[in-house]
12 protein chains.
Amino acid sequence: MTYGQGRSYKKVEVIGVSNKGIEAAIQQAVSKAQGSLEKLSWFEVQDIRGHIGKDGTVSEYQVVLKIAFELK
Amino acid sequence: MTYGQGRSYKKVEVIGVSNKGIEAAIQQAVSKAQGSLEKLSWFEVQDIRGHIGKDGTVSEYQVVLKIAFELK
Amino acid sequence: MTYGQGRSYKKVEVIGVSNKGIEAAIQQAVSKAQGSLEKLSWFEVQDIRGHIGKDGTVSEYQVVLKIAFELK
Amino acid sequence: MTYGQGRSYKKVEVIGVSNKGIEAAIQQAVSKAQGSLEKLSWFEVQDIRGHIGKDGTVSEYQVVLKIAFELK
Amino acid sequence: MTYGQGRSYKKVEVIGVSNKGIEAAIQQAVSKAQGSLEKLSWFEVQDIRGHIGKDGTVSEYQVVLKIAFELK
Amino acid sequence: MTYGQGRSYKKVEVIGVSNKGIEAAIQQAVSKAQGSLEKLSWFEVQDIRGHIGKDGTVSEYQVVLKIAFELK
Amino acid sequence: MTYGQGRSYKKVEVIGVSNKGIEAAIQQAVSKAQGSLEKLSWFEVQDIRGHIGKDGTVSEYQVVLKIAFELK
Amino acid sequence: MTYGQGRSYKKVEVIGVSNKGIEAAIQQAVSKAQGSLEKLSWFEVQDIRGHIGKDGTVSEYQVVLKIAFELK
Amino acid sequence: MTYGQGRSYKKVEVIGVSNKGIEAAIQQAVSKAQGSLEKLSWFEVQDIRGHIGKDGTVSEYQVVLKIAFELK
Amino acid sequence: MTYGQGRSYKKVEVIGVSNKGIEAAIQQAVSKAQGSLEKLSWFEVQDIRGHIGKDGTVSEYQVVLKIAFELK
Amino acid sequence: MTYGQGRSYKKVEVIGVSNKGIEAAIQQAVSKAQGSLEKLSWFEVQDIRGHIGKDGTVSEYQVVLKIAFELK
Amino acid sequence: MTYGQGRSYKKVEVIGVSNKGIEAAIQQAVSKAQGSLEKLSWFEVQDIRGHIGKDGTVSEYQVVLKIAFELK
């Protein structure tokens, strides 16, 4: 990539869910997006949420992300 | 669905338009999205707007939604 | 288009990059989206950013847009 | 109206109140504005609030709108 | 109530759920709060969301409210 | 005023400036609006700003308000 | 309190009303909360509003606060 | 104008439309407001939007502004 | 729980503090809330903050959460 | 200063603390900044917070400000 | 720069003023910052404002930016 | 520190980058700031972002923070 050159990116909004932590939930969303989109470039966290199990432990983290990739 | 299991969702932004009211405009957007996406899960209202006719009556409601669905 | 008639739109989030200015970056994103989507209708600027070259001049403008189009 | 033609709009902020529901409160505000302004064009909902009566029922809906009209 | 007199209110955040529409979901939350709090005064809508059933119809509206009441 | 009765309000955005403090700046804006509008009802503070004199003292407070009044 | 030690706080949303000014309205809300909650720790102003009397003077200040206290 | 002196401003919300660019749309709105209001002082851009023609070119820029002027 | 069935939830705002990391601070708040509230359902992160010790290391993470639970 | 002339300003974020009130906390921050920066021009209040003493009185106001000054 | 390598950036908030347009005001701020900071990397537009002359023309554009640079 | 005593703080905006996780990126920014500023007091997370490598793994976390310290 050369700065100054006309180009375009698209951002999609994806939610990753994992019981292991926030970083794992981010990676879950990125890996899923990687399967159908080419050349992911960066992500931006929009929201961090999660589910609480009956015993009062966090049973999963749900991270809402924007993922950006270049439009070729 | 089992909580704690790794999974991913996508959100798309859609606008439904109806002259019948806010709920009808939401259903309009959801039905349209249902035609091309599988297994819609939930929606979040972003904005409620509308058009005003010449006689000063609301001629349509325009509801901007995010619609989420699981990525298989 | 007739107001009051049930219809739907989708919004996608795109970033246009140009070294010529903000309007050129907007047009860059719109032209790219036009290639794969039918009948673009309007855009909304979300963010204006840019890169600064070594000599302290703005080397490119990066404009984040939402672009809306009717779902047929 | 022709797109591309220089023109201007003004937005005013109005609150409509009705005991019948959200759409009725919107129409209440639009009808009132219609009395003193010409050629209303669209509205945007800013806030939805309401009053609760002594018996715990919603006694009125208060909807805060921006209403836009062309400046001739 | 007399304006100018020292007094205090509290706001609680409640979610009402109904399959009948947005106003019904608001009333659901207000009625529930009425059971345990005295003298509810007003509400403010924070978010409107909902669940989508398998057939692509909105199966329920979830309205997030702040409900305010005077502290005696 | 009776709750539940159809009615409408308008909000205007006004800035009051005073060297005496924030409450004085609010009263300044309200008094000015009172001169041309009938029956002001409430205000909402949007922003508090001010000017700093050469000697490093706050020389004036500028308070941006929305002021609401009933439309008869 | 020792930094680094596991502990928890709760925030409640309260509105204080006073005809004397913004600081007095804050103190009104804090004093009221102090009556039913233990060991208040800090407050955060969310909104400043007020009522305007018939003569165009501010008849009361209404300050919306979050008040935080430690959960023992 | 002397800092520290009691005075008041009003802000109005106006949209300027131009096919020439963002600055031209701002000037369009300011010129229109200048026709009916005295002594405009400053503007603040709220939103930048636009329409996209059938050929995928930006056919007009729509800039939403607040325009402020002193109340005499 | 069956979707479509009238029901209500409440959200409370809690801060969890831990020196072990963000997930530990979230669990700290959830465990504390679990002690006094029944059947916690989900959480939403509002803010992530922390304290810095004299040696320049993060001595604790402070995570502000909303925790939701069903009202029976 | 002449309008239209190329110039630049910087904004810094400062917190002033005082037990006397909001205006005193603003002046505290401005006076401190005045010691190390030249020619302060204006301030913008970002947040108003405070500490609550054991007896339930506000023991100090903490006002977060942006302070702007011209870059020469 | 290699992605994945520990590094830090700082952002400063600067306002550029120019009578030539928005891009010129951005470049004005960047050039000024370049004089005292090393290796500017990117900017983010925060606000676009301006002054209106007596004849109703925009006499200058004021663009509020964040400018980021690497901390070596 | 004694509550109630006049004092001032400054906040700076810093970005920490690390391939190890969010807490490591926060510590990276804090350690860097510690080198040039005295007596850091607290931090507030503004944004969490990151870069995605060619193989679809998160190659680094970028955390935007405000860091506060007392002005002596």
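Read the figures in this text as sums done on the coordinates, not as results from a lab. Here the structure is a predicted model, which means the values were calculated and not measured. Neighbour counts run over all protein chains shown; Cβ positions are idealised from the backbone, glycine included.
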> Taking H as built 1.01 Å from N, whose amide H comes closer than 5 Å to the amide H of L:Leu71, not counting residues under 5 places away?
Replying inline: L:Ser8, L:Tyr9, L:Lys10
> Using only the Cα atoms, what convex hull volume per residue in Å³ does the stretch A:9-71 have?
Replying inline: 66 Å³
> Lys/Arg Cβ at +1, Asp/Glu Cβ at -1, dipole of chain L taken about the Cα centre: which of L:Trp42, L:Gly53, L:Tyr3 is farthest positive-ward?
Replying inline: L:Tyr3
> How far is helix G:22-36 tilted off the main Cα axis of chain G, in degrees rounded to 10, range 0 to 90?
Replying inline: 50 degrees
> So what's the gap between the Cα centers of the stretch H:19-70 and the stretch K:1-62, to the nearest angstrom?
Replying inline: 21 Å
> Residue by residue through the stretch B:63-72, which ³J(HN,Hα) values in whole Hz follow from phi under the Karplus form 6.51 cos²θ - 1.76 cosθ + 1.60 (θ = phi - 60°), with glycine and proline marked x?
Replying inline: 10, 8, 10, 9, 10, 10, 8, 6, 8, 8
> Mind checking the dipole of chain I: about its Cα centre, +1 per Lys or Arg Cβ, -1 per Asp or Glu Cβ, Debye to the nearest 20?
Replying inline: 260 debye
> Counting alpha carbon pairs within less than 8 Å and at least 6 residues apart, what relative contact order, in whole percent, applies to chain C?
Replying inline: 43 percent
> For C:Glu60, what charge total do you get from the other residues with a beta carbon under 10 Å from its beta carbon, if Lys and Arg give +1 and Asp and Glu give -1?
Replying inline: +3
>> Quick one: the Cα spread of the protein assembly as shown along its three principal axes, in angstroms, biggest first?
In response: 69, 66, 65
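Give me B:Tyr61, F:Tyr3 sorted ascending by neighbouring Cβ count inside 10 Å, so fewest comes first.
Least to most surrounded, the residues fall as F:Tyr3, B:Tyr61.
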> In deg cm²/dmol, rounded to 500, what helix-only [θ] at 222 nm does the protein assembly as shown give when every DSSP H run of at least 4 residues adds -39500 (n - 2.57) and the total is split over its residues?
Replying inline: -7000 deg cm²/dmol
